[in-house]
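Chemist: Sharing a structure with you now.
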Amino acid sequence: MAAISCHCYCTVRGSDKPYLSGQNLRRRTPLPAVSVSFRRRISCIATSAAPQKVGQKNFLHLDDFDKDTILKMLDRALEVKSLLKSGDRTFRPFEGKTMSMIFTKPSMRTRVSFETGFTLLGGHAIYLGPDDIQMGKREETRDVARVLSRYNDIIMARVFAHQDILDLAKYATVPVINGLTDYNHPCQIMADALTMIEHIGRFEGTKVVYVGDGNNIVHSWLLMASVIPFHFVCACPKGFEPDAKTVEKARKAGISKIEITNDPKEAVKGADVVYSDVWASMGQKEEAAHRREVFKGFQVDHNLMNIAGSKAFFMHCLPAERGVEVTDEVVEASNSIVFPQAENRMHAQNAVMLHVLGK
């Protein structure tokens, strides 16, 4: 699920991604809708606060990869998913390997999908909850990274501050996977792209309309739009737009058509996918009542889906607050693909793990 809090953002020191710099990302002048549609290839760039170690691959941001690499991971996800669905359990590339899973916030989909996927492919995953490490409090992140690297073959972390995942990647000597931060959620968007390929028949050239808060899910869609060409629209209330520097970066890439708007009804017209998320994520629950007032008119209901058109699918990263950002009717409709989307977290992540481990 999405989890973003304006006061949790931090400055990424020495990063090659200036759009991650700390600032209040909430109350600002609405961004004008600007569209770009020409295509350009961009190559893989370094991640985190220091260059990756030679031969080591991390999965931290979608724009760390070029188009071919992203598409190859998605193809691999389809291939391995088909194998697992057939009942074949002979493909065990992670036999004898272990993974530490660091969680500083609660999780159902992230934990179960990573643990199940790693196990099905022959590995052993170890859950480390908020009280097991207290990363940054009981023990410094750099020490955690170096210790776990001596025990495990891979580290996955679901954390609040984005700096934590960058620090893990900087000091670890094994691959690090971003299971979610307050800034972005790349594994979720890989699962979303996989789901779109299965249900629409393609990912490139589609129109994805996100309705709601400009949060970490939106940032990941924008970073994907920096690599793969499609039309992305974020419809959100004034003052709740996504990080301006991330929007600017996606537009400057010149790969996709990017729009930020405050009009959900106009935004969803002709959409292939209408996408929603909770209005108040973890760390924002004290704002829930206020947000319900501000976000009136941004609920995805039957009327909004009708405006989108008969070909539009509904997606949600879950968990959903039914009756708030989306109606029960929409979640349960025949064009809702939220549960295939949730299942694909495991299959997309399997492909990511195979990639970073060189399998």
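Chemist: Taking the Cα centre of the stretch 144-283 as origin, sum charge times position over the Cβ atoms of Lys and Arg (+1) and Asp and Glu (-1), and report the length of that vector in debye to the nearest 20. Don't jump to the answer; show the numbers that get you there.
Modeler: Details: 14 positive and 16 negative charges, 64 e Å.
Once rounded to the nearest 20, the dipole reads 300 debye.
Chemist: Further, regarding this structure: Any idea how far apart Arg292 and Lys252 come out in nm if each label point goes 7 Å out from Cα toward Cβ?
Modeler: In this crude spin-label approximation the distance works out to 4.1 nm.
Chemist: Also, I was wondering about something else. Which of the GluC sites (Glu not before Pro) found in the stretch 277-359 are loop residues per DSSP with 12 or fewer other Cβ atoms within 10 Å of their Cβ?
Modeler: Here the sparse-neighbourhood loop sites are Glu332.
Chemist: Using θ = phi - 60° and the Karplus form 6.51 cos²θ - 1.76 cosθ + 1.60, what ³J(HN,Hα) does each residue of the stretch 214-222 get, whole Hz, x for Gly and Pro?
Modeler: Couplings: x, 9, 5, 5, 4, 4, 5, 4, 5 Hz.
Chemist: Rounded, prolate or oblate: which fits the stretch 77-163 when a ≥ b ≥ c are the square roots of the eigenvalues of the alpha-carbon gyration tensor, with rounded for a/c under 1.5 and prolate only if a/b beats b/c? Kindly include the intermediate steps, with their values, before the conclusion.
Modeler: Working: a/c = 2.96, a/b = 1.93, b/c = 1.53.
Judged from the Cα gyration tensor, the stretch 77-163 comes out prolate (a/c at least 1.5, a/b above b/c).
Chemist: While we're on this one: In terms of the Cα gyration tensor, with a ≥ b ≥ c the square roots of its eigenvalues, is the stretch 174-280 rounded because a/c is under 1.5, prolate because a/b exceeds b/c, or oblate?
Modeler: Rounded.
Chemist: Once you charge only the Cβ atoms, +1 for Lys and Arg and -1 for Asp and Glu, what is the size of the charge dipole of the stretch 214-359 about its Cα centre, to the nearest 20 debye?
Modeler: I would put it at about 540 debye.
Chemist: While we're here: So, R0 is 22 Å and r is the distance between the beta-carbons of Met108 and Asp75; what FRET efficiency does that work out to, to 0.05?
Modeler: Working: r = 28 Å, r/R0 = 1.25.
According to the calculation, E is roughly 0.20.
Chemist: Note down the relative contact order for the stretch 275-359 as a percent, whole number, built from C-alpha pairs under 8 angstrom at least six residues apart.
Modeler: Once normalised by length, the contact order is 31 percent.
Chemist: Cα-Cα over 20 Å: which of Lys207/Lys296; Lys207/Lys257; Lys67/Lys257?
Modeler: Lys207/Lys296
Chemist: Right, something else. How do Arg345, Arg251 line up, fewest other C-beta atoms within 10 Å first?
Modeler: On the way: Arg345 26, Arg251 21.
Listing Arg345, Arg251 from fewest to most nearby Cβ atoms yields Arg251, Arg345.
Chemist: In addition: Amide H to amide H under 5 Å from Phe313: which residues, 5+ apart in sequence or cross-chain, H placed 1.01 Å off N in plane?
Modeler: Val273, Val274
Chemist: Follow-up question, since we're still on this one. If one computes the Cα centroid of the stretch 269-330 and of the stretch 94-152, what distance in Å separates the two points?
Modeler: Using only Cα atoms to place each centre, the spacing works out to 32 Å.
Chemist: Taking amide hydrogens as modeled 1.01 Å from N in the peptide plane, which residues meet the under 5 Å criterion relative to Val300, leaving out close sequence neighbours?
Modeler: For Val300, whose amide H was placed from the backbone, the distant partners under 5 Å are Val326, Thr327.
Chemist: Excluding residues fewer than 8 places away in the same chain, name every one of the aspartates and glutamates whose C-alpha is closer than 13 Å to that of Lys97.
Modeler: Straight-line reach from Lys97, under 13 Å: Glu115, Asp153.
Chemist: With the dipole of the stretch 66-140 worked out from charges on the C-beta (+1 for Lys and Arg, -1 for Asp and Glu) around the Cα centre, which of Gly87, Ala125, Phe103 lies farthest toward the positive end?
Modeler: Looking along the dipole axis, the top candidate is Gly87.
Chemist: If you take every residue apart from Val300 with its C-beta less than 12 Å away from the C-beta of Val300, what net charge results, scoring Lys and Arg +1 and Asp and Glu -1?
Modeler: -4
FYI, it's all coordinate maths here, none of it is from the lab. Keep in mind it's a predicted model, so treat the numbers as computed, not measured. Don't worry about glycine lacking a Cβ; one is built from the backbone with ideal geometry, like all the others, and counts go over all protein chains shown.
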